[in-house]
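A.B. asks: First, the structure itself, so that you have it in front of you.
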Amino acid sequence: MRILIDCAHIDFSRQPTGIPRVVLKYIEEGYRWSEKSGVQVIPVVARPAGLALVHPLPGRNPPQYLESMVPARVSLNSAREAIERHIDQAAFHLQAALQQACHEPRPADCLLAARHAADRLIERAMMGGSRFIAVEPGDILFCPAYWHDVPPATYQGIKAQGARIVVLVHDILPITFSKFYKAPWKYDFEKNLASAIKYSDELYAVSRYTASSVSEFAARNGLGDIDVGVSHNGYDELLGGKLKQDVDDPGYRPLVVQRREYEFLRENEPFLMVGTLEPKKGHIPTVRSFEAMWDAGLKRPLVVIGRKGWMEESVVEAIEQSRYFMDRLFWFDNFDDFDLYFAYRHSRGLIFSSYAEGFGIPMIEALSAGCPVVSLRTQIAMEVVGRHGRFFETFKQLAEHVSMLDSAEGIITAKKEIEHFSWPTWKEITASLFDKLTNADRIKENDD
């Protein structure tokens, strides 16, 4: 019995965020769990031909048993064959971009599609010489990555070889909030989710909200009354004790470069919005609300932290065309994890206005850094932050929270209320889930 972690469409050579970061955490903590459990954890990519070992091996300190599996070199022929096998996938991405643009593609659409296609081809070429991992009795294929972009027949073929398929669902927002996603991708997502419900032996979701959404989707589409488990995403603090003290020191300067943004954050203690720029994150109504508050006399700035996502044009326009842009409204798109932690530590509060999330990690990041959270009242926000959050449903309620946190007394009270917030670490989350998966398998073996 082994746990094979499917890394479909993950490029580990880039700074991991979102789903890639989740996959990497499961891999790294899986390595450590493997040492104690004796169950091998192997990063693979599900392909029509089978399961290929990921190489270079992702994560820190891969176990010795993995090192011995890595092939010595990738042959030119195998790289060429990999490109040929997946050229149709590249064509699909380009076609999708053109369709999304209503047959009037912008140069940026074509460039993005071409880059995406090139990334996939490079990934496949590098995988061309990989060692294939033969399925053994009791093997578990754990799918926490972009399984929804993999042809279901690939997983069905692996299941036919004897593997148990366990799928982790991050969200089904392309179905429940379809207006925030483009065709034809969102329709493919829906079909692949229905297939995953059929071929998977177990389904998990990263939140109770997402789990209930999957169950409702299955019932609505005649797929049965299914049981979806919950495995929340974990959270690991970026900084140790000494470094956290340094960040809070008024005389602290970044170790590598002196950033003007740090001085700005320290001097102004702004409100923050954190996340990719896309319509569902609620940037536009939040900016409009703050414009009204600034008109009414509020002095404290709002800082948006995040890179462009998708369908972001209206969001970017709302920010850059605001009469307060670069006066009280600022946008930083180049922050890394350390910069973000500094921002949380030197802000008045996180404004989390997202209409739809599968999880919502910025809320946990903020609270863990001692930064109050003011969130739109949604099911996922209530699940993640609960009594530690402050919630709003109207502009008036948002303004009341902002006014309270803007005051000296209010911010002291708010920070005191969140002093004891905690969240399970990735080590705890991974061990809990992998223990469940392997124990269930052992119980089944004993019953047989």
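The values are calculated or read from the model by the stated rules, or taken from the named source; none is laboratory data. Keep in mind it's a predicted model, so treat the numbers as computed, not measured. A quick note on method: Cβ atoms are made from the backbone with ideal geometry, for glycine too, and the neighbour counts reach across all protein chains shown.
Residues are listed down the side, and each one gets a yes or a no for (1) among the aromatic types (F, W, Y); (2) buried (at least 18 other Cβ atoms within 10 Å of the Cβ); (3) within 19 Å of the chain's Cα centre (by Cα):
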{"position": "R348", "(1), (2), (3)": "no, yes, no"}
{"position": "I361", "(1), (2), (3)": "no, yes, yes"}
{"position": "A366", "(1), (2), (3)": "no, yes, yes"}
{"position": "L376", "(1), (2), (3)": "no, yes, no"}
{"position": "F392", "(1), (2), (3)": "yes, yes, no"}
{"position": "E400", "(1), (2), (3)": "no, no, no"}
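A.B. asks: Kindly provide the set of residues from the stretch 145-177 that are closer than 21 Å to N233 by Cβ, part of a helix (DSSP H, G or I) and among the charged types (D, E, K, R), ordered by number.
C.D. replies: D149
A.B. asks: If we keep just the residues of the stretch 431-448 that are at pLDDT 95 or above and touching a strand residue (DSSP E or B) at 6+ places or on another chain (Cβ under 9 Å), which is surrounded by the fewest Cβ atoms within 10 Å (Cβ to Cβ)?
C.D. replies: Of everything passing the filter in the stretch 431-448, K436 is surrounded by the fewest Cβ atoms within 10 Å (Cβ to Cβ).
A.B. asks: Continuing with this model, one more query. Give me the residue from the stretch 2-27 that is free of Cβ contacts under 8 Å to residues at least 60 places away in the same chain and among the charged types (D, E, K, R) and, out of that set, farthest from L168 (Cα to Cα).
C.D. replies: Looking at the filtered set, the residue picked out is R14.
A.B. asks: Go through the stretch 219-236 and report how many residues are outside any loop (DSSP other than H, G, I, E, B) and surrounded by fewer than 19 Cβ atoms within 10 Å (Cβ to Cβ).
C.D. replies: Of the residues in the stretch 219-236, 4 are outside any loop (DSSP other than H, G, I, E, B) and surrounded by fewer than 19 Cβ atoms within 10 Å (Cβ to Cβ).
A.B. asks: Given the conditions (1) surrounded by fewer than 17 Cβ atoms within 10 Å (Cβ to Cβ); (2) in a helix (DSSP H, G or I), report the number of the one that A183 does not fulfil.
C.D. replies: With (1) surrounded by fewer than 17 Cβ atoms within 10 Å (Cβ to Cβ); (2) in a helix (DSSP H, G or I) applied to A183, the lone miss is (2).
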